1. Is there any pair linking a residue in segment 339-357 that is without any contact (Cβ under 8 Å) to a residue 12 or more places away in the chain to one that is surrounded by 15 or more Cβ atoms within 10 Å (Cβ to Cβ), with Cβ under 8 Å and at least six apart or on different chains, and which?
2. Would you please name the residue that is farthest from Lys59 (Cα to Cα), looking only at residues in segment 156-214 that are among the acidic types (Asp, Glu), part of a loop (DSSP other than H, G, I, E, B) and in contact (Cβ under 8 Å) with a residue 12 or more places away in the chain?
3. Scan segment 60-68 and tell me whether some residue there is among the hydrophobic types (A, V, I, L, M, F, W, C) and within 27 Å of Gln333 (Cβ to Cβ).
4. Given (1) part of a loop (DSSP other than H, G, I, E, B); (2) modelled with pLDDT of 90 or more; (3) among the aromatic types (Phe, Trp, Tyr), where does Phe45 come up short, assuming only one miss?
5. Regarding Asp9, is this residue acidic (Asp, Glu), surrounded by fewer than 19 Cβ atoms within 10 Å (Cβ to Cβ) and more than 24 Å from Gly335 (Cα to Cα)?
6. Quick one: is Gly192 assigned by TED's automatic domain parsing to the domain that holds Phe157, more than 22 Å from Asp350 (Cβ to Cβ), within 16 Å of the chain's Cα centre (by Cα) and surrounded by fewer than 19 Cβ atoms within 10 Å (Cβ to Cβ)?
7. Quick one: in segment 75-113, which of the residues that are over 29 Å from Ser18 (Cα atoms) and over 31 Å from the mean Cα position of the chain (by Cα) is modelled with the highest pLDDT?
8. Can we say Ala151 is of a type in the set (A, V, I, L, M, F, W, C), farther than 23 Å from Asp228 by Cα, touching a helix residue (DSSP H, G or I) at 6+ places or on another chain (Cβ under 8 Å) and without any contact (Cβ under 8 Å) to a residue 60 or more places away in the chain?
Amino acid sequence: MRFSDSFLDEIRDRVPISSVIGQRVTWDRKKTNAPRGDWWACCPFHGEKTPSFHCEDRKGRYHCFGCGVSGDHFRFLTELEGLSFPEAVERVAAMAGVPMPTRDEREERREQERASLTDVMEMATRFFQDQLQSAAGAKARAYLRERGLSAATQQAFRLGYAPDSRNALKEFLAGKGVEKVQIEACGLVVFGDDIPVSYDRFRDRVMFPIPDSRGRIIAFGGRALSPDVSAKYLNSPETELFHKGNVLYNFARARKAVQKEGTVIAVEGYMDVIALAQAGFDNVVAPLGTALTENQMELLWRMAGEPVLCFDGDQAGLKAAWRAADLILPSIQPGRSARFALLPEGQDPDDLVRAAGADAFGAVLKEARPLADLLWMRETSGGVFDTPERRAELEKTLRDLTARIRDESVRYHYSQEMRERVHAFFGAARGRSQRQGERGQGDRGRGNWGA
């Protein structure tokens, strides 16, 4: 039986590789860093006394630095336990709580069709890249130069240009033998019952290919060059390949960099990702034109236990940070949370590194605040707590927030943390009120983030 890539990816993602291997080895306590998903043991494939066998949950891979064996969940079970590949898949699926698929010829055909669609997307990517270097792409090249992106950066991210034509891409693909239904299924043209002739979705735009976790192009983002276009940024529609709430831009590249950097950074847009990569920050990803989703947060946690969520320095950015805090709060666990980096007012990461360099962004990252700080900031900053009722309301709000945490241990420590903050805060506020009263001043008990 042939298993679809999506099924294998799902069960691999649900089961930490350490859970599979841990049934056959004893982890070394000194070298292992469990909260980071970094595990060491004596190799089960060859005899040794010093642990040189390493597995990493974020990558879902193992490697022995002694004998050189390496692989994933399934290879470990087939090579060490002698299981057949289907038996190994069945074992991991049971651990994941996912039922084994029945043979479905329609699903197998869909899998083949998806593979052919990725071929079409690759052809479209190369077309856009070629157009960027053509005479028609002069305006796009000028725009990218103005944004400070080098030729090497443009090539690394495979940037391109969609010409100002209703059928340039459609005709190019048709000339390569791509069928109309495939072009439509990739979301590359606008079509419908009320549209007599389909036309290219992306026109006169700088093109940003969006890869999946394996580096295959599954969608595009396009930045309009004309100021008259209503949508400055345009993403591919949802397709068989692309579900934007499940994708992080630059995921595959960032995952490789996380091992060196120790964490992953999420920013708001793909121009920010590219500008930061050029400035030396390779461990950066971005959602695609939407607020961060639960599935995207799970992707971040796969890479790092405490990702840094970076938000633009304006009111909209602060509100986005608060939404993200509410999103992740129920799911935090020991070794699984987030930190929040808030940029200077009126700037995004691209602005900051162009104006002040990489060190300025590094300084913002160093000041990243833990989740507990951000929640406290939101509930107290600018508030007035000058009566027992208002102080009680704040305490109730904080209790309700901590009650949303599903993990019992973390919930306990958050409750304790918030109680201590409240006691210190109200003591300081009452002290200020008394001093202000002595000077005949009002404004008693006003909340202060720095208190």
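1. Listed pairs, sorted by first residue: Ala355/Gln347.
2. Narrowing segment 156-214 to residues among the acidic types (Asp, Glu): 164, 171, 179, 184, 193-194, 200, 204, 212.
Filter once more, keeping what is part of a loop (DSSP other than H, G, I, E, B): 164, 179, 193-194, 204, 212.
From what's left, in contact (Cβ under 8 Å) with a residue 12 or more places away in the chain: 164, 204, 212.
Values: Asp164: 41, Asp204: 38, Asp212: 15 Å.
If we take residues in segment 156-214 being among the acidic types (Asp, Glu), part of a loop (DSSP other than H, G, I, E, B) and in contact (Cβ under 8 Å) with a residue 12 or more places away in the chain, then Asp164 is farthest from Lys59 (Cα to Cα).
3. Here is the first cut: in segment 60-68, the residues among the hydrophobic types (A, V, I, L, M, F, W, C) are 64-65, 67.
Checking which are within 27 Å of Gln333 (Cβ to Cβ) leaves us with none.
No, segment 60-68 contains no residue that is among the hydrophobic types (A, V, I, L, M, F, W, C) and within 27 Å of Gln333 (Cβ to Cβ).
4. Looking at each condition in turn, Phe45 falls short on (2).
5. Numbers: acidic (Asp, Glu): yes; surrounded by fewer than 19 Cβ atoms within 10 Å (Cβ to Cβ): yes; more than 24 Å from Gly335 (Cα to Cα): no.
No.
6. Details: assigned by TED's automatic domain parsing to the domain that holds Phe157: yes; more than 22 Å from Asp350 (Cβ to Cβ): yes; within 16 Å of the chain's Cα centre (by Cα): no; surrounded by fewer than 19 Cβ atoms within 10 Å (Cβ to Cβ): yes.
The answer is no for Gly192.
7. Within segment 75-113, the match that is modelled with the highest pLDDT is Arg106.
8. Working: of a type in the set (A, V, I, L, M, F, W, C): yes; farther than 23 Å from Asp228 by Cα: yes; touching a helix residue (DSSP H, G or I) at 6+ places or on another chain (Cβ under 8 Å): no; without any contact (Cβ under 8 Å) to a residue 60 or more places away in the chain: yes.
Considered against the rule, which asks whether it is of a type in the set (A, V, I, L, M, F, W, C), farther than 23 Å from Asp228 by Cα, touching a helix residue (DSSP H, G or I) at 6+ places or on another chain (Cβ under 8 Å) and without any contact (Cβ under 8 Å) to a residue 60 or more places away in the chain, Ala151 comes out as no.
The values are calculated or read from the model by the stated rules, or taken from the named source; none is laboratory data. Not measured: the values here are computed from a predicted model. A quick note on method: Cβ atoms are made from the backbone with ideal geometry, for glycine too, and the neighbour counts reach across all protein chains shown.
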